[in-house]
1. If we scan the range 289-305, do we find a residue that is open to solvent by 20 Å² or more (accessible area, probe 1.4 Å) and under 22 Å from the mean Cα position of the chain (by Cα)?
2. Can you tell me which residues in the range 155-165 are over 25 Å from the mean Cα position of the chain (by Cα) and open to solvent by 10 Å² or more (accessible area, probe 1.4 Å)?
3. Within the range 1-111, which strands (runs of 3 or more DSSP E) (wholly inside it) include 2 or more residues that are buried (at least 22 other Cβ atoms within 10 Å of the Cβ) and in contact with a strand residue (DSSP E or B) (Cβ under 9 Å, 6 or more places away or on another chain)?
4. Tell me whether the range 303-312 contains one or more residues that are closer than 17 Å to A350 by Cα and of a type outside the set (G, A, S).
5. Among the residues that make up the range 230-248, is at least one of them open to solvent by 30 Å² or more (accessible area, probe 1.4 Å), in contact (Cβ under 8 Å) with a residue 60 or more places away in the chain and within 21 Å of the chain's Cα centre (by Cα)?
6. Quick check on the range 291-310: of everything there that is outside any helix (DSSP H, G or I) and hydrophobic (A, V, I, L, M, F, W, C), which residue is modelled with the lowest pLDDT?
7. Would you confirm whether or not the range 373-387 contains a residue that is more than 30 Å from L349 (Cα to Cα) and among the charged types (D, E, K, R)?
8. Can you name every residue in the range 112-142 that is without any contact (Cβ under 8 Å) to a residue 24 or more places away in the chain, within 27 Å of the chain's Cα centre (by Cα) and either open to solvent by 20 Å² or more (accessible area, probe 1.4 Å) or farther than 26 Å from Q252 by Cα (or both)?
Amino acid sequence: MCGIAGLMTYDGAAPPPAPLRAMADALRHRGPDGEGRYRSGDVGMVQTRLAIIDLATGDQPLYEPGGAALIANGEIYNYLELRSGLGSARSAALSTQSDCELPLHLYRQYGFDFAAHLRGMYAIALHDPSAGQLILARDPFGIKPLYYAETPRGFAFASEPGALIEAGIVAPQLVRSARNELLQMQFTTGRETIFAGINRVLPGEMVVVRRGRIVERRRCAALPEGGPLQFGEAEAIARLDAALLESVRLHQRSDVPFGVFLSGGIDSTGVLMMMARLAERPVKAFTIGFAATEVADERPAARAAAASVGAEHVELVFDEADFWKLLPEIVSAVDDPAADYAILPTWALARAAHEAGLKVILTGEGGDELFAGYGRYRSAMRPWWAGGRAPRARGVLDGLGILRSEIAGWRDGIAAAEIRNSGQRRTPLQVAQAVDCADWLPNDLLIKLDRCLMAHSTEGRTPYLDTELAALVFRLPDELKVRRGFGKWLLRRWRRPRSPCRPFKRGARNLPPRCGRAPVRRPRRQADRPRRLELAILRPVASPPYRARPITAGHDGRVSRLRVTRSRLPAQNRTPVSNRKRVCVVFIPSRPNASPGVVLLVPTCENSARAK
């Protein structure tokens, strides 16, 4: 794990040393254990090292006999397998035990296809003087960041936009379209950042640069093509167990101590369980809770999960004073902005892990995206007439009446991603997942993780974002992802016999999980429950005083309780429902200061005889 940066001049002259020094200084927090410099012809590169693997001889830049040089930020988890597959002649040419030396030799063997053999998270810069080209490559999920700028003087790249700005290569000018995305969605999409002239190397992309200009782009997809594969739950659980165990095993390859961020939810608890299965000593787990009682506290569930596997558990408390104290530090560190409230507790956890002497942290990022944990996925699976809608159909500021005019074009990036990821026999659920993996994941969640941890010189690893695991999980049948109103169905089923603790339910507040106890009561059979809701949009209600009563919805958006009566509906707007049973009318405002619309909800069961 490191910070990397470099220059390639347009006119072939040697790159000036001053901006290289400035970028190295700006990235010092990412790599306090050492610094490497490289200058050859029209290319100069710098690297600040956070030593994780091969502490003695893994300094960068790294070289190969053909003259190519490499600097990298990240980890190649399958480096031992790649080393053994090189053969005796090529293995003899390796000069270190570093995982990052392998891409150099793979480049000589496979050319531009070398990245297809890598299993890990990485941002790589490789200079081949004999070919006169600079190659940048980023891992398929975009776990590791990489930015570039094309200027009249040449081409520059860095691990963070702030390094390009600090070096005076690019002026910090705001891009209005990216600003609009940030305001409406709380993150930005695509190649363009919020700063004019600074772009992202896209997840899975390879960029080839000659004489200071991009001449070729290639891209490797993170998710497989095709629709769901058909196999049963038992087979899926067995395959998931093997794939997740292998991923966690690879993600634990390290020459320094490591731990895990534990929220008490299904994703991080699953990582903890696998780490405990593989560990020879107790796993060190970090959890944070909020002092405010009106906020869900994850500590009781995390405490129970840690105790069930004998983990060494560290609990933190985040209060209002922490908010005001840490917010300025966080804002200055997140130079590719994402308005994610989870940045605050993640920052505090990263600081605690660093103070505990850990350099590597495993996390549960990616679990919701791959196993369909978000409520928006369940909404995307339903047709519009049953309450379904496209994810992010409304912006954060829509309808609030605080802007002089509506923001136009803020959803263009997401709409383009939906088109790119459609087809290939994918279901609506798969399309929603693929869109999130293309933009939301790398430009929000993974930015949060990278900036918070690297600001404290700590590496974050994400076992769920392993390409082999993702290839299996993404093509699971929809019914193994979402069932009975619950997302992450297969992960829940996999977890149940392997842990005595029930996963944390985020709707509960300050309630400890049932651990090792029998359920209070047996739930009703599924056939006795409403399986779906038929919705019919009726004409607007004329009288503004009619307001909606509270509605309690399940995880998939299904209404489970309604505190609404028909008696408040004006007689002239009532609809005959004599052929229906158990009908409820809900008043839902369509927009502020407007007459509310009316939605008719009719619970129905698969067994119509029970719908009474």
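The values are calculated or read from the model by the stated rules, or taken from the named source; none is laboratory data. These numbers were taken from a predicted model, which means no experiment stands behind them. Backbone-built Cβ (ideal geometry, glycine too); neighbour counts: all protein chains shown. Only protein heavy atoms, including side chains, enter the accessible area calculation; ligands, DNA and RNA are left aside. Shrake-Rupley method; radii C 1.70, N 1.55, O 1.52, S 1.80 Å.
1. Within the range 289-305 (the criterion being open to solvent by 20 Å² or more (accessible area, probe 1.4 Å) and under 22 Å from the mean Cα position of the chain (by Cα)), the answer is yes, since at least one residue qualifies.
2. Residue satisfying the conditions is I165 alone.
3. Those strands (runs of 3 or more DSSP E) span 2-9, 43-49, 69-76.
4. Here is the first cut: in the range 303-312, the ones closer than 17 Å to A350 by Cα are 312.
Filter once more, keeping what is of a type outside the set (G, A, S): 312.
Checked the range 303-312: at least one residue is closer than 17 Å to A350 by Cα and of a type outside the set (G, A, S).
5. yes
6. The first filter runs over the range 291-310 and keeps only residues outside any helix (DSSP H, G or I), leaving 291-298, 309-310.
Adding the requirement that they be hydrophobic (A, V, I, L, M, F, W, C) leaves 291-292, 295-296, 309.
Values: A291: 86, A292: 78, V295: 73, A296: 78, V309: 95.
Applying the filter and picking the extreme gives V295.
7. Within the range 373-387, one or more residues are more than 30 Å from L349 (Cα to Cα) and among the charged types (D, E, K, R).
8. Answer for the range 112-142, where residues must be without any contact (Cβ under 8 Å) to a residue 24 or more places away in the chain, within 27 Å of the chain's Cα centre (by Cα) and either open to solvent by 20 Å² or more (accessible area, probe 1.4 Å) or farther than 26 Å from Q252 by Cα (or both): just D113.
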